Amino acid sequence: MNQFISWLIEGAPVGCIYALVAVGLVLTYKTSGVFNLAFSAQAFASGAVFYETVINSHWPLWLGFVFAVLIFSPLLGLLLDRALFRYMRTAPWQVKLVTALGLLLALPEIVKLFFGAQPAEAPPSIAPLIGIDKFKVFDVGGYFISADRLTTVVFTVVAVILLGLMFRFTSIGLQMRAVVESPRMVELAGVDADRVSMTSWILSSTLAGLAGVLLAPLYFILDGNTYTLLIIAAIAAAAVGRFVSIPFTLLGGLLLGVGERALPDIVGTTGSFAQDVRPSFPFIVLFALLVFWPKLREQRVVSDPLSGVDPPPPAMAHEYKDANLQRMSKIAFPIFIAGFVLVMMTIVSPLWVTRLTDAFALAVVFLSITIFTGLGGQISLAQASFAAFGGFAMANAAEQFNVPALLALVIGAIVAAIVGALFVLFIDGLPALIGRFILRRPVVRLAGLYLSLATLAFAFMAEKVIFRREAISQGEYGIAVSRPDFAQGDRMWFLVVFIAFALVAFLVIFIRKGTIGQYLAALRGSENAAASIGINATSLRIILFSLSAGIAGLGGALIGMAQGRVEPVATYPALFGVVWVVLVVTLGSRTVDGAVNAAIGFVVFQWLFEALGLPPAIAIIGFGFGAITYARHPEGIVEFQTRKSILATARQRTLKKRAEELVRVEKLPTTYRPVWQVVAPVLAGPALYLLYVLVRSPIQGRWVAIHTVTLLVFLVPSLLFALVWMFATSHRLHQAGGVARDWIYLFAGGVVGALVGALFYNQGWVPRAELLHCVLAGIPAGVASVAFFLLPVQINRIADNRGWLSSPISWREGRAPFGFLLFGAFLFFRTSVTDASSSTGSFINHGFPPSGWPVFVLVAIFVITWVQWVAGVQGASNELAIGGEGFESPDESVSNIDEESSASIPAQIDSGGV
Amino acid sequence: MKRLLVLVVALSTIGLGTVSTAQAQGAGRPGVTATEIKVGGLSSPMSVLNVPYADGFDGVNAYFDTINKKGGVYGKKLKLVAQLDDLGSPSGNIRAARSLVEEKKVFAVMPVMTNSFAGSAYLASKNVPTFGLNIDAGWCGTSTEHRAVEDAIAAGKYDKVCPRPTLFGEKGSFICFSCGQISPAYVALKKGAKRAALFTYTHSSSAACAEGTRAGFKQYGIDLVYEDTSLEFGFSDVSADVQALKDKNVDFVSTCMDFGGAFKISQGLKQAGGTGVTFYAPEGYRESTIKKYGSQLNGWFFGFAFIPWQSKVLPAGAKAYLKAMKQKGIAPSEQSQAGWINANMFVDGLLKAGKDFTQASVVDAINSFTAFTANGMLPPQNWSNGHGPDTQACAAYVEAVNGKFVPRFGKPGQPIVCFPDNPRPPTLDDPYYLPAKTGTTTTTSAGS
């Protein structure tokens, strides 16, 4: 009994922490349907703000607390709701989960950017806020409880009581509960669901803020990783409450805290079992609840009865290609691949061969996500673990059993596949047995959000329990592995990896187009309907898990072999599984394209940011926030851009045919100009300069230095042409009914650009430049910045005036080139704050490669983006000129692509419109 | 189309990486010009146990500044041209190491301060002089090769050496992680401790330290009455441990943890009424630590392998290091000092190799040092034994007393306490003390 009391007294404070975080989770889940995994990141942010204000800025304790918990945290919640989650109320669970995962990755890195990466020791205690000396220790019947722990209990209990009362006895609480059921129905009843959701986000963020400042002194350290692990414990506590009941969630938190306290007394503090169970206790609890508690997964899924009116997802991008384009792709693609391999095997530098090889090995792992998420419709956060199974199996086979390296790779894949099969048999089979023999009724399969959470728990359990074992990892430094003898060199190893990738890619395409792919699509739509036509969901799930795990295992084996050793934790951190899913889903989980882009982006962006002297954390922030685009483009950015590009090409082709018809009848307006006639002069300057560099450098045996005069000779004519074109187009659009006094905006842009240039000069951000140079560079940059948005807006307005249902271009097209301009300006700013030895400064100071490549590549991409914008605007302008009423441009319907445009010549052309 | 264009542009620029750069470089002298000697380093952003690795760059830069002010080496300025981040991953480490050699074309790599030195095989194969913080088996060889040396020591054979002669850790290239550690046992004996406790994380590096501590306690007769080797970094509740420490009347606690984790235990113990317990930590010897916690650290001991900064008589090397850090406004730390020592060793190697130095001749020069001390900062390091097990185990100790670090257990002017190693002595009753002021140095290291 005494021991139980000591467990209770000593475990309750930590349990209250879990409860606090878990209650916040339940709150947002109940009211907005979002399982906010970033809750712990918000707590971390609040803790960091509290630390910064009280310790570093010496604010009074109460002021720091008020700012962090009652101002900063609610504002953060408001921002998240207004900017993100309010658009997702009726979105599928995958969208909400991926967005939350993206925030989980990005938020801690943002905090570290502002407050430093080093964890902060001795965070301040808030015990003095309730009149308790922070060093005081209370004797409760012979058991000691510190001031911090007591404060935690008091604050948590008060917070939870207030919340419970609010839900039960206030109208806002009732409205919050109703919003969860159906936001649309609630709105039909006259309640502003938007406002209710906003309120719940503010509330939950305040709770997160409170958790952040309470937790820090208990942990003694303020560290992002610690808070990330905390969320798992909180999920376990929330699971006890079935993600809906606040009282039971509180109980779950307390039980978890008491359980953690009791564990050392029950399992000991040394030995394998203790080392397995204690660190992974929350993950074990969560996994066990999700798998063995059927009632948890059987609770009524939060879904909107009106959600079925949402349109189906768009077709795959390649289905938009017409016969010509498909023929061209079939010819061009193999040539491109052959050329790529040839270039990689011959002229690309060995280090870049290594980088891209690492990327393709990663792409193999990412293809496992394509299978599981793109085809299966589920999200697994354990792919890093399956990769690890493959890696360690390969390493043990090669080093312990002297299996040849290539065969070891295959063994790695097979072992991982078996693990995947066992995993699904475990999570499906055991509950089925429980249902059959104990509950006497069928048990719902683990799927959706709960499956994702189970895989997350499994991933951490595997990291802390399985891969730590000496038998698997052979100790701290892992297992040394060797590549095949014939592939010791970088290029041959690339070939091995690329062939492996190609085989897996073909497999994925084959599966997608084949029977299994069709079955998986049917299963995604409706499991019952699929079963009614004879599709066996059980065996299909086994195939899905095995395939996905096996492919991940192969990728993991390739990664391990590339590194020369496979280590516990360092090689395949569990959290990487989250990063990988976010990346692939953002870029496109349904296609091989998406996986490849994600892998190359993962490797190349890290190099790019480091080469530019920027903190690598920016890459993680970019990846995290990129996940937010998933809400607008569930098919992935790559798919979206590809489809957009294909549709734009088809649109332009239709327009061109129209122009040819008009030429025949001599009615083509003078305002019509073929796009190439505009793009060519704009592109000519940069292209010719590139050619000059590429031709001259090998001749003189070294990179051509950047001479300002030479650069200007090439670029100025194109720049001038572009400026004149912008002004002329703007004027023409203005005359056709666009924006009035357009020239004022462009002029103002030029003035602002000049002033910014002068500012850069004054601050010393442009080395070796004169004031005049900076001003002259600033003027076209300013004009262009305005034009990027002004021209599309003008086109929009003209289309609106004509009553068109859709405009041929959106102002959003200007974001990309404008963003690059801003980024370029930021790089110049960085030359002043980074050491001269960094690459950004080196490029400016010393010219071209090796340090200048990153900026060179960025400039090249900017030029391409800019040219694409010019083409888009000219194309839209042409459509205004000869499109118009009756013009049938290709729309989202795939069947329209091959139809000839049958519109008659519109009236606007006769009247001399744009 | 846009993506295709981007890829073509990217590949064409990358492909032209084979075009050589302008710098005239002799064989074995990449990164050396008429006016500069370029080096580059890599680190992890933060160790898994919260150690700030990136401080190492400060130490290297500070040392280079002092040398450059005197004209550099052979009229050439020393320059740290790259400070890469391997993001804590083995593949990142390999890419960073290759980038330093193939893109940045540095003459030497320093400092290397990472969790996982997967790039060690590559750097060794390229014979690039490499310096850093030795906390990974890669400084010796593959994990198999490192284990072979450890196994040989366990079998009483001390002549097996590490096969990577171009890699130089700041405390040698070989560390026997599984061998009995002397320091915790020595401090316990000096404090007359009767009942010891040990705390570690489940992380593998922490666990390896625990193995060594346990072996040391056993070898030297310290009664280990309580252990907790199942803690999780930053996350674990220590209430049970605190209760156990009280129940078992523990009077000495040794940890293989970050300072924060160890401090959490000590605070918990104090709050529970436990007093008079000595804590020993291998990590945490920082000005910022003592400044922040002051007398809360009373009873704490720290051990490390260099002259304490609080010694009454500081060697020239330590004085120069502390002065340089003060001028830069950076608080001294073990990691920045390690970077300083790395740079010192490199410069000494350059000077010994002569004006026509190459990478190979610098490596050979350093490997001929029999008593390198970094101008008195270290116990003498003998690099001529081929990077094998050392023949002495030395450490300095400080105690936190009312907000100050006070050197302990040494003699006046001789703060470093040493014992013979490989084989180890049966008792710790008879140490010898290294004289800081007369510690032998191999060569002068300032100026050209």
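The values are calculated or read from the model by the stated rules, or taken from the named source; none is laboratory data. Since this is a predicted model, take the numbers as computed values, not measurements. Every residue, glycine as well, gets a Cβ built from its backbone with ideal geometry; the counts of neighbours run over all protein chains shown.
Do we find a residue being of a type in the set (S, T, N, Q) and within 14 Å of chain B (Cβ to nearest Cβ) anywhere in the range A:440-461?
Initial filter on the range A:440-461 (of a type in the set (S, T, N, Q)): A:452, A:455.
So of that shortlist, the ones also within 14 Å of chain B (Cβ to nearest Cβ) come out as none.
Within the range A:440-461 (the criterion being of a type in the set (S, T, N, Q) and within 14 Å of chain B (Cβ to nearest Cβ)), the answer is no, since none of the residues qualifies.
Would you confirm whether or not the range A:396-407 contains a residue that is touching a residue at least 24 places away in the same chain (Cβ under 8 Å), part of a helix (DSSP H, G or I) and within 30 Å of the chain's Cα centre (by Cα)?
no
I'd like the full set of residues that are over 36 Å from the mean Cα position of the chain (by Cα), surrounded by 15 or more Cβ atoms within 10 Å (Cβ to Cβ) and not in a loop (DSSP other than H, G, I, E, B), limited to the range A:751-775.
Residues satisfying the conditions are A:ALA754, A:ALA758, A:TYR761, A:HIS773, A:CYS774, A:VAL775.
Going by the conditions given, is A:ARG541 assigned to a helix (DSSP H, G or I), touching a Pro at 6+ places or on another chain (Cβ under 9 Å) and modelled with pLDDT under 95?
Numbers: assigned to a helix (DSSP H, G or I): yes; touching a Pro at 6+ places or on another chain (Cβ under 9 Å): no; modelled with pLDDT under 95: yes.
The answer is no for A:ARG541.
Of everything in the range A:135-148 that's touching an Asp or Glu at 6+ places or on another chain (Cβ under 8 Å) and touching a residue at least 60 places away in the same chain (Cβ under 8 Å), which residue is surrounded by the most Cβ atoms within 10 Å (Cβ to Cβ)?
Result: A:ILE145.
Can you give me the number of residues within the range B:211-258 that are within 10 Å of chain A (Cβ to nearest Cβ), crowded, with 22+ Cβ neighbours inside 10 Å and of a type in the set (A, V, I, L, M)?
The number of residues fulfilling the criteria is 4.
Taking the condition surrounded by fewer than 24 Cβ atoms within 10 Å (Cβ to Cβ) and either out of contact with any Ser or Thr (no Cβ under 8 Å at 6 or more places or on another chain) or farther than 30 Å from A:VAL581 by Cα (or both), does A:LEU37 pass?
no
Check B:LYS157 against each of (1) more than 14 Å from chain A (Cβ to nearest Cβ); (2) assigned to a loop (DSSP other than H, G, I, E, B); (3) within 22 Å of B:MET377 (Cα to Cα) and name the one condition it does not meet.
So the condition that B:LYS157 fails would be (3).
Name every residue in the range B:385-412 that is under 27 Å from B:ALA154 (Cα atoms) and acidic (Asp, Glu), in order of residue number.
Result: B:ASP390, single match.
If B:ALA193 passes every condition in (1) closer than 23 Å to B:VAL417 by Cα; (2) buried (at least 24 other Cβ atoms within 10 Å of the Cβ) but one, which one does it miss?
(2)
Can you tell me which of B:PHE357, B:PHE301, B:PHE279 is in a loop (DSSP other than H, G, I, E, B) and in contact with a helix residue (DSSP H, G or I) (Cβ under 9 Å, 6 or more places away or on another chain)?
Working: B:PHE301 fails: in a loop (DSSP other than H, G, I, E, B); B:PHE279 fails: in a loop (DSSP other than H, G, I, E, B).
The unique qualifying residue is B:PHE357.
Any idea which of A:VAL584, A:VAL569 is modelled with pLDDT of 80 or more, of a type in the set (Val, Ile, Thr) and under 27 Å from A:PHE389 (Cβ atoms)? Working first, answer last.
Numbers: A:VAL569 fails: modelled with pLDDT of 80 or more.
Unique residue meeting the criteria: A:VAL584.
Taking the options A:VAL291, A:VAL213, name whichever one is more than 13 Å from chain B (Cβ to nearest Cβ), farther than 28 Å from A:PHE437 by Cα and not basic (Lys, Arg).
Values: A:VAL291 fails: farther than 28 Å from A:PHE437 by Cα.
Being more than 13 Å from chain B (Cβ to nearest Cβ), farther than 28 Å from A:PHE437 by Cα and not basic (Lys, Arg) holds for just one of A:VAL291, A:VAL213, which is A:VAL213.
Are any residues in the range B:160-189 aliphatic (A, V, I, L, M) and either under 16 Å from B:PHE117 (Cβ atoms) or within 14 Å of chain A (Cβ to nearest Cβ) (or both), and if so, which ones? Steps first, answer last, please.
Kept after step one, since they are aliphatic (A, V, I, L, M), are these residues of the range B:160-189: B:161, B:167, B:175, B:182, B:185, B:187-189.
The answer is B:LEU167, B:ILE175.
Considering only the range B:122-139, how many residues are facing another protein chain (nearest Cβ under 9 Å) and under 24 Å from A:ALA611 (Cβ atoms)? Quick ask: steps written out before the conclusion?
At the first step, the residues of the range B:122-139 found to be facing another protein chain (nearest Cβ under 9 Å) are B:122, B:136-138.
If we keep only those that are under 24 Å from A:ALA611 (Cβ atoms) too, we end up with B:122.
The total comes to 1.
Can you name every one of the helices (runs of 4 or more DSSP H) wholly within the range A:429-496 that holds 3 or more residues which are of a type outside the set (A, V, I, L, M)? So that I can check it myself, show each step before the final result.
Working: elements: A:430-434, A:448-461, A:470-473.
The qualifying helices (runs of 4 or more DSSP H) are A:448-461.
Mind listing whichever residues of the range B:171-193 are in contact with a helix residue (DSSP H, G or I) (Cβ under 9 Å, 6 or more places away or on another chain) and farther than 19 Å from A:TYR477 by Cβ?
Selection gives B:GLY180, B:ILE182, B:SER183, B:PRO184, B:ALA185, B:TYR186, B:ALA188, B:ALA193.
Can you go through A:ALA480, A:ALA530, A:ALA500, A:ALA487 and tell me which one is at pLDDT 90 or above, in the same structural domain as A:GLY377 (by TED's automatic domain parsing) and buried (at least 19 other Cβ atoms within 10 Å of the Cβ)? Please lay out each step first, then the result.
Working: A:ALA480 fails: at pLDDT 90 or above; A:ALA530 fails: at pLDDT 90 or above; A:ALA487 fails: buried (at least 19 other Cβ atoms within 10 Å of the Cβ).
Exactly one of A:ALA480, A:ALA530, A:ALA500, A:ALA487 is at pLDDT 90 or above, in the same structural domain as A:GLY377 (by TED's automatic domain parsing) and buried (at least 19 other Cβ atoms within 10 Å of the Cβ), namely A:ALA500.
When you look at A:ALA736, is it crowded, with 16+ Cβ neighbours inside 10 Å, touching a Gly at 6+ places or on another chain (Cβ under 6 Å) and in the same structural domain as A:LEU791 (by TED's automatic domain parsing), yes or no? Steps first, please.
Details: crowded, with 16+ Cβ neighbours inside 10 Å: yes; touching a Gly at 6+ places or on another chain (Cβ under 6 Å): yes; in the same structural domain as A:LEU791 (by TED's automatic domain parsing): yes.
Yes: the conditions hold for A:ALA736.
Select from the range A:345-387 the residues that are out of contact with any helix residue (DSSP H, G or I) (no Cβ under 6 Å at 6 or more places or on another chain) and within 13 Å of another protein chain (Cβ to nearest Cβ) and write down the one among them that is surrounded by the most Cβ atoms within 10 Å (Cβ to Cβ).
Of everything passing the filter in the range A:345-387, A:LEU356 is surrounded by the most Cβ atoms within 10 Å (Cβ to Cβ).
Would you check which residues across the range A:629-645 are modelled with pLDDT under 75 and of a type in the set (A, V, I, L, M) and list them?
Matches in the range A:629-645: A:ALA631 only.
Looking only at helices (runs of 4 or more DSSP H) that lie completely in the range A:1-76, which have at least 3 residues being modelled with pLDDT of 85 or more and of a type in the set (S, T, N, Q)?
Numbers: elements: A:2-32, A:39-51, A:61-65.
Answer list for the range A:1-76: A:39-51.
Quick check on my filter: what residues within the range A:559-582 are more than 14 Å from A:VAL364 (Cβ to Cβ) and in a helix (DSSP H, G or I)?
Restricting attention to the range A:559-582, the residues satisfying the condition of being more than 14 Å from A:VAL364 (Cβ to Cβ) are A:563-571, A:573-579, A:581-582.
A:GLN563, A:ALA574, A:LEU575, A:PHE576, A:GLY577, A:VAL578, A:VAL579, A:VAL581, A:VAL582 - these are the residues of the range A:559-582 that are more than 14 Å from A:VAL364 (Cβ to Cβ) and in a helix (DSSP H, G or I).
Residues checked against (1) assigned to a helix (DSSP H, G or I); (2) more than 10 Å from chain A (Cβ to nearest Cβ); (3) at pLDDT below 95:
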position: B:ALA27; (1), (2), (3): no, yes, yes
position: B:ILE37; (1), (2), (3): no, yes, no
position: B:TYR53; (1), (2), (3): no, yes, yes
position: B:ALA62; (1), (2), (3): yes, yes, no
position: B:ALA82; (1), (2), (3): no, no, yes
position: B:LEU87; (1), (2), (3): no, no, yes
position: B:ARG98; (1), (2), (3): yes, no, yes
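Any chance the range A:610-628 includes a residue that's more than 30 Å from A:LEU80 (Cα to Cα), in a helix (DSSP H, G or I) and not assigned by TED's automatic domain parsing to the domain that holds A:VAL364?
Yes; the residues of the range A:610-628 include at least one that is more than 30 Å from A:LEU80 (Cα to Cα), in a helix (DSSP H, G or I) and not assigned by TED's automatic domain parsing to the domain that holds A:VAL364.
Search the range A:698-716 for residues being within 13 Å of chain B (Cβ to nearest Cβ) and either in contact with a helix residue (DSSP H, G or I) (Cβ under 7 Å, 6 or more places away or on another chain) or at pLDDT below 75 (or both), and hand back the single one that is nearest to A:LEU772 (Cα to Cα). Show your work before the answer.
Residues of the range A:698-716 within 13 Å of chain B (Cβ to nearest Cβ): A:698-705.
Applying the additional criterion that residues be either in contact with a helix residue (DSSP H, G or I) (Cβ under 7 Å, 6 or more places away or on another chain) or at pLDDT below 75 (or both) yields A:701-705.
Working: A:GLY701: 34, A:ARG702: 31, A:TRP703: 28, A:VAL704: 25, A:ALA705: 22 Å.
Here the residue is A:ALA705.
Mind checking which residues of the range A:256-288 are among the hydrophobic types (A, V, I, L, M, F, W, C), over 26 Å from A:PRO442 (Cα atoms) and either away from every other protein chain (no Cβ under 14 Å) or touching an Asp or Glu at 6+ places or on another chain (Cβ under 7 Å) (or both)?
A:PHE281
Do you know which residues across the range A:263-276 are touching a residue at least 24 places away in the same chain (Cβ under 8 Å) and buried (at least 19 other Cβ atoms within 10 Å of the Cβ)?
A:GLN275, A:ASP276
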